[in-house]
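What follows is a short report on a single structure.
The values are calculated or read from the model by the stated rules, or taken from the named source; none is laboratory data. All values reported here derive from a predicted model rather than from experimental measurement. Reconstructed Cβ throughout: ideal geometry from the backbone, glycine too, with neighbour counts over all protein chains shown. The area values use the complete protein model at the heavy-atom level, side chains included, leaving out ligands, DNA and RNA. Shrake-Rupley method; radii C 1.70, N 1.55, O 1.52, S 1.80 Å.
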Amino acid sequence: MGEAIEQFFASLPARAPAVLRGPTTGAIQLDLTTGNRTDHWLVEMRPGAVRVTHGRGPADAIWNSSADLFERLVTGRAAAMAAVLRNESTYSGSVVLFLDFRRFFPDPPGTRDPRDTARERLGRSG
């Protein structure tokens, strides 16, 4: 398992208050494969909080992905929705959990808020 993936999961509890502001509650099991090995992660989400365990458990949704793709997701080099739509990974279960969980992924490198770009064009700050 890559260091970026380990750091991503370790960072979730601290980031949860800013990311999970809605009423969504549930658990996603992530099955990340490398060759013939599969690592399992369980992410239990509730408003403003996340609990992460390395292993399986009761889940409302299951996401299967290669570890390589997941590393690209956690570094902003791939988009979760696009990966699922292209069938590069599979997801079954609560779609609401998927939509909330993907908010933990960073934007692609170099992405800027369009409001900042508009302010620069207008010559204003803040």
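Would you check if residue 39 is among the acidic types (Asp, Glu), more than 23 Å from residue 3 (Cα to Cα) and more than 14 Å from the chain's Cα centre (by Cα)? No; evaluated as a whole, the condition is false for this residue. Of all the residues in region 12-22, those that are without any contact (Cβ under 8 Å) to a residue 40 or more places away in the chain, in a helix (DSSP H, G or I) and open to solvent by 20 Å² or more (accessible area, probe 1.4 Å) number 4. For region 102-120, does any single residue satisfy the condition of being among the hydrophobic types (A, V, I, L, M, F, W, C), loosely packed, with under 11 Cβ neighbours inside 10 Å and over 18 Å from residue 8 (Cβ atoms)? The answer is yes; a qualifying residue exists. The residue pairs whose first member lies in region 102-118 and is closer than 18 Å to residue 4 by Cβ, whose second member is part of a loop (DSSP other than H, G, I, E, B), and whose beta carbons are closer than 6 Å, counting only pairs six or more residues apart or on different chains, are 106/76; 107/76; 108/76; 109/76. Mind listing whichever residues of region 72-101 are without any contact (Cβ under 8 Å) to a residue 40 or more places away in the chain, in contact with a strand residue (DSSP E or B) (Cβ under 9 Å, 6 or more places away or on another chain) and among the charged types (D, E, K, R)? Within region 72-101, 88 is the sole residue that qualifies.
Restricting attention to region 23-47, the residues that are farther than 20 Å from residue 71 by Cβ, open to solvent by 30 Å² or more (accessible area, probe 1.4 Å) and in a loop (DSSP other than H, G, I, E, B) total 3. Restricting attention to region 53-87, the residues being closer than 19 Å to residue 14 by Cα and open to solvent by 40 Å² or more (accessible area, probe 1.4 Å) number 3. Here residue 94 does not qualify as under 17 Å from residue 38 (Cα atoms), open to solvent by less than 60 Å² (accessible area, probe 1.4 Å) and of a type outside the set (Phe, Trp, Tyr).
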